[in-house]
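Single-structure report; data block below.
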Amino acid sequence: MRSWSAPAVPSVPGTGPGIRLYDTADQAVRPVTPGDTATMYVCGITPYDATHIGHAATYLTFDLVNRYWRDLGHDVHYVQNITDVDDPLFERAARDGVDWRDLGAEQIELFRADMAALRVLPPTDYIGAVETIDEVVAMVGELLERGAAYTVDDPEYPDVYFPVGATAQFGYESNYDRATMEALFAERGGDPERAGKRDPLDALLWRVERPGEPSWPAPFGRGRPGWHIECSAIARNRIGTGFDVQGGGSDLIFPHHEFSAAHAEAATGERRFARHYVHTGMIELGGEKMSKSLGNLEFVSRLRAEGVDPMAVRLALIDGHYRTDRPWSDDLLDAARTRLERWRAAVSRPQGPAAEPTLTRLREYLSNDLDTARALTAIDAWVADAEAGLGTDQAAPGRIADAVDALLGVLLV
Ligand code: 5CA
Ligand code: ZN
């Protein structure tokens, strides 16, 4: 799929320490140690409704990782999928009497515009499930050959499943116990009750054709991909197993990322799909996780239409730690607008205090598991000094503006 247009990223003098991020699998903040090209896969949207602030927060988080890597001098190979073949999309399209492809295309276009407005760097590969059916078919075939997949005993719908015990290390990513896995599996798109499965936790790889549902040819019967195999195949075929960062919201820890990893590990025999599993907290509205199914939503597109500066949205969302569940509110947005105005005024001054100590702090805080709240206060401190008339460095305002643009993605000038 077409990605979106890339904002320019200014280069900033100097460089910071390597980034350390919390890894869900190892349950610790650990250094991320990419080669020349850093590799990242972030789970993309299911395009049946507009981008809400929660989605935006998640993509902004990984945009900060991307930006930090670039600042360190890495090339970045960033892959993101679009779950454009899935039940929620078909259900919404049927409800609204539109073709699921048109609904998907429309929502993907809106997402692109939202991401571009938020100055999120586009993925290198932006890949729809519809574009990769052949990759999924090949991978399910591989799993069948290796005995890591089976067909359920149902003559009408002989779907293909992945046995939960196919890899010895299953469970290492989420660290959840069996009871938690069962509860989350049922809650998040799994089908524990499906007759013919060997274990209630076995995950769907290929769903054979049902009347009225789209389907594609496969040696094991016309049908469509399960959810986890889609991300497994898309990532593996572009950045291989052992890539640096697998990203998404904490609602994807289980079953989605556990099974995406297990599918790829069963197919390749490697023990670890991603070297870091990084998960963002949930943005809440009215005390609950913002979600399409609950309907407690604030949309990026609605705020844009109201004339809210996307840079204020960006600042509001990063004024809290990415791993913390946190509320969205008008007060948060108002505070971000005020901060943005102050920052803009300060960097348009003819001079200010030297930028270097602030750049050092900015990089240090970001490298420490993306401590964005502190990173913002580092800029606040420089701004306060500039407002107080301290410093005569004429290059400093421009340097600060460049650093805020390059590292935080917030355009000030
Ligand atoms: N298409 C799948 C991933 S393969 C999916 O989860 N799509 S989604 O549209 O439901 O979510 C897109 C991304 O936004 C996921 O990473 C999800 O974890 C994240 N997300 C969803 N709701 C929130 C929220 N309230 N706060 C933060 N992130 C969220
Ligand atoms: Zn995914």
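Table: residues versus (1) among the acidic types (Asp, Glu); (2) outside any strand (DSSP E or B); (3) at pLDDT below 95.
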position: Pro7; (1), (2), (3): no, yes, no
position: Val12; (1), (2), (3): no, yes, no
position: Gly16; (1), (2), (3): no, yes, no
position: Leu21; (1), (2), (3): no, no, no
position: Asp26; (1), (2), (3): yes, yes, no
position: Val29; (1), (2), (3): no, no, no
position: Gly35; (1), (2), (3): no, yes, no
position: Thr39; (1), (2), (3): no, no, no
position: Gly44; (1), (2), (3): no, yes, no
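Taking strands (runs of 3 or more DSSP E) that fall entirely within region 199-275, which contain at least 3 residues that are within 16 Å of ligand 1 (Cβ to nearest atom), in contact (Cβ under 8 Å) with a residue 60 or more places away in the chain and on the phi < 0 side of the Ramachandran plot?
Strands (runs of 3 or more DSSP E) meeting the threshold: 243-249.
Would you mind stating whether Ala6 is under 19 Å from the mean Cα position of the chain (by Cα), away from ligand 1 (no atom under 16 Å from the Cβ) and hydrophobic (A, V, I, L, M, F, W, C)?
Working: under 19 Å from the mean Cα position of the chain (by Cα): yes; away from ligand 1 (no atom under 16 Å from the Cβ): yes; hydrophobic (A, V, I, L, M, F, W, C): yes.
Judged against the criteria, Ala6 is a match.
Would it be correct to say that Leu60 is on the phi < 0 side of the Ramachandran plot, hydrophobic (A, V, I, L, M, F, W, C) and more than 16 Å from ligand 2 (Cβ to nearest atom)? Quick ask: steps written out before the conclusion?
Values: on the phi < 0 side of the Ramachandran plot: yes; hydrophobic (A, V, I, L, M, F, W, C): yes; more than 16 Å from ligand 2 (Cβ to nearest atom): yes.
Considered against the rule, which asks whether it is on the phi < 0 side of the Ramachandran plot, hydrophobic (A, V, I, L, M, F, W, C) and more than 16 Å from ligand 2 (Cβ to nearest atom), Leu60 comes out as yes.
Hey, Tyr126 hits all of (1) within 15 Å of ligand 1 (Cβ to nearest atom); (2) assigned to a loop (DSSP other than H, G, I, E, B); (3) surrounded by fewer than 23 Cβ atoms within 10 Å (Cβ to Cβ); (4) of a type in the set (Ser, Thr, Tyr) but one; which does it fall short on?
Here Tyr126 clears every test but (2).
Output the qualifying pairs, or none if there are none: Cβ atoms under 9 angstrom, residues six or more apart or on different chains, first residue in region 279-292 and within 16 Å of Gly44 (Cα to Cα) and of a type in the set (A, V, I, L, M), second residue part of a loop (DSSP other than H, G, I, E, B) and more than 6 Å from ligand 1 (Cβ to nearest atom).
Every condition considered, the pairs that remain are Met282/Asp325.
Every residue in region 46-70 that is of a type outside the set (Val, Ile, Thr) and in contact with a helix residue (DSSP H, G or I) (Cβ under 6 Å, 6 or more places away or on another chain), please. Give the steps one after another, and end with the answer.
Going through region 46-70, the residues of a type outside the set (Val, Ile, Thr) turn out to be 47-50, 52, 54-57, 59-60, 62-64, 66-70.
Result: Pro47, Tyr48, Ala50, Ala56, Ala57, Leu60, Arg67, Tyr68.
Is it the case that Glu173 is in a loop (DSSP other than H, G, I, E, B), within 25 Å of Asn237 (Cα to Cα) and modelled with pLDDT of 95 or more? It would help to see each step written out before you state the result.
Details: in a loop (DSSP other than H, G, I, E, B): yes; within 25 Å of Asn237 (Cα to Cα): yes; modelled with pLDDT of 95 or more: yes.
So Glu173 passes the test.
Please enumerate the residues belonging to region 286-300 that are more than 8 Å from ligand 1 (Cβ to nearest atom) and in contact with a Leu (Cβ under 8 Å, 6 or more places away or on another chain). Give the derivation first.
Residues of region 286-300 that are more than 8 Å from ligand 1 (Cβ to nearest atom), as a first pass: 286-288, 293-300.
Listed by number, the residues that qualify are Glu288, Asn296, Leu297, Glu298, Val300.
Being closer than 29 Å to Thr124 by Cα and either away from ligand 2 (no atom under 13 Å from the Cβ) or crowded, with 24+ Cβ neighbours inside 10 Å (or both), is that true of even one residue in region 182-200?
Restricting attention to region 182-200, the residues satisfying the condition of being closer than 29 Å to Thr124 by Cα are 188-189.
Subset that is either away from ligand 2 (no atom under 13 Å from the Cβ) or crowded, with 24+ Cβ neighbours inside 10 Å (or both): none.
Within region 182-200, not a single residue is closer than 29 Å to Thr124 by Cα and either away from ligand 2 (no atom under 13 Å from the Cβ) or crowded, with 24+ Cβ neighbours inside 10 Å (or both).
Just give me the residues in region 257-298 being among the small types (Gly, Ala, Ser), under 18 Å from the mean Cα position of the chain (by Cα) and crowded, with 19+ Cβ neighbours inside 10 Å, in sequence order. Steps first, answer last, please.
As a first pass, look at region 257-298 and keep what is among the small types (Gly, Ala, Ser): 260-262, 264, 266-267, 269, 274, 281, 286-287, 291, 293, 295.
With under 18 Å from the mean Cα position of the chain (by Cα) added as a condition, the list becomes 260-261, 274, 281, 291.
Ser260, Ala261, Ala274, Gly281 - these are the residues of region 257-298 that are among the small types (Gly, Ala, Ser), under 18 Å from the mean Cα position of the chain (by Cα) and crowded, with 19+ Cβ neighbours inside 10 Å.
Could you list all residues from region 21-36 that are crowded, with 17+ Cβ neighbours inside 10 Å and not aliphatic (A, V, I, L, M)?
In the first step, residues of region 21-36 are kept if they are crowded, with 17+ Cβ neighbours inside 10 Å; the result is 21-25, 32, 34.
Across region 21-36, the qualifying residues are Tyr22, Asp23, Thr24, Pro34.
Is it fair to say Glu91 is within 26 Å of Glu288 (Cβ to Cβ), surrounded by fewer than 21 Cβ atoms within 10 Å (Cβ to Cβ) and without any contact (Cβ under 8 Å) to a residue 60 or more places away in the chain?
On the way: within 26 Å of Glu288 (Cβ to Cβ): yes; surrounded by fewer than 21 Cβ atoms within 10 Å (Cβ to Cβ): yes; without any contact (Cβ under 8 Å) to a residue 60 or more places away in the chain: yes.
Criteria met by Glu91.
One residue is enough: does region 68-77 have a residue meeting the conditions in contact (Cβ under 8 Å) with a residue 24 or more places away in the chain, within 16 Å of ligand 2 (Cβ to nearest atom) and not hydroxyl-bearing (Ser, Thr, Tyr)?
Kept after step one, since they are in contact (Cβ under 8 Å) with a residue 24 or more places away in the chain, are these residues of region 68-77: 68-77.
Next cut, within 16 Å of ligand 2 (Cβ to nearest atom) only: none.
No, because not a single residue in region 68-77 is in contact (Cβ under 8 Å) with a residue 24 or more places away in the chain, within 16 Å of ligand 2 (Cβ to nearest atom) and not hydroxyl-bearing (Ser, Thr, Tyr).
Can you name the residue in region 37-64 that is away from ligand 1 (no atom under 14 Å from the Cβ) and in contact (Cβ under 8 Å) with a residue 60 or more places away in the chain and, of all such residues, is surrounded by the fewest Cβ atoms within 10 Å (Cβ to Cβ)? If you could, list the steps in order and put the result at the bottom.
We begin by selecting, within region 37-64, every residue away from ligand 1 (no atom under 14 Å from the Cβ); these are 37-39, 64.
This time we only want the ones that are in contact (Cβ under 8 Å) with a residue 60 or more places away in the chain, so: 38-39, 64.
Working: Ala38: 24, Thr39: 25, Leu64: 20.
The residue in question is Leu64.
If we keep just the residues of region 201-230 that are away from ligand 2 (no atom under 16 Å from the Cβ) and either of a type in the set (S, T, N, Q) or within 26 Å of Asp251 (Cα to Cα) (or both), which is surrounded by the fewest Cβ atoms within 10 Å (Cβ to Cβ)?
To start, the set of residues in region 201-230 that are away from ligand 2 (no atom under 16 Å from the Cβ) comprises 201-202, 206-223.
Next cut, either of a type in the set (S, T, N, Q) or within 26 Å of Asp251 (Cα to Cα) (or both) only: 201-202, 206-207, 215.
Details: Leu201: 22, Asp202: 24, Trp206: 28, Arg207: 20, Ser215: 15.
Selected residue: Ser215.
Residue-by-condition table, conditions (1) within 14 Å of Trp4 (Cβ to Cβ); (2) assigned to a loop (DSSP other than H, G, I, E, B); (3) under 24 Å from the mean Cα position of the chain (by Cα); (4) not β-branched (Val, Ile, Thr):
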site: Asn81; (1), (2), (3), (4): no, no, yes, yes
site: Asp84; (1), (2), (3), (4): no, yes, yes, yes
site: Leu89; (1), (2), (3), (4): no, no, yes, yes
site: Arg92; (1), (2), (3), (4): no, no, yes, yes
site: Val98; (1), (2), (3), (4): no, yes, no, no
site: Leu110; (1), (2), (3), (4): yes, no, yes, yes
site: Met115; (1), (2), (3), (4): yes, no, yes, yes
site: Glu131; (1), (2), (3), (4): no, no, yes, yes
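The values are calculated or read from the model by the stated rules, or taken from the named source; none is laboratory data. Just so you know, these numbers come straight off a predicted model, no measurement behind them. Cβ: placed from backbone, ideal geometry, glycine included. Neighbour counts: every protein chain shown.
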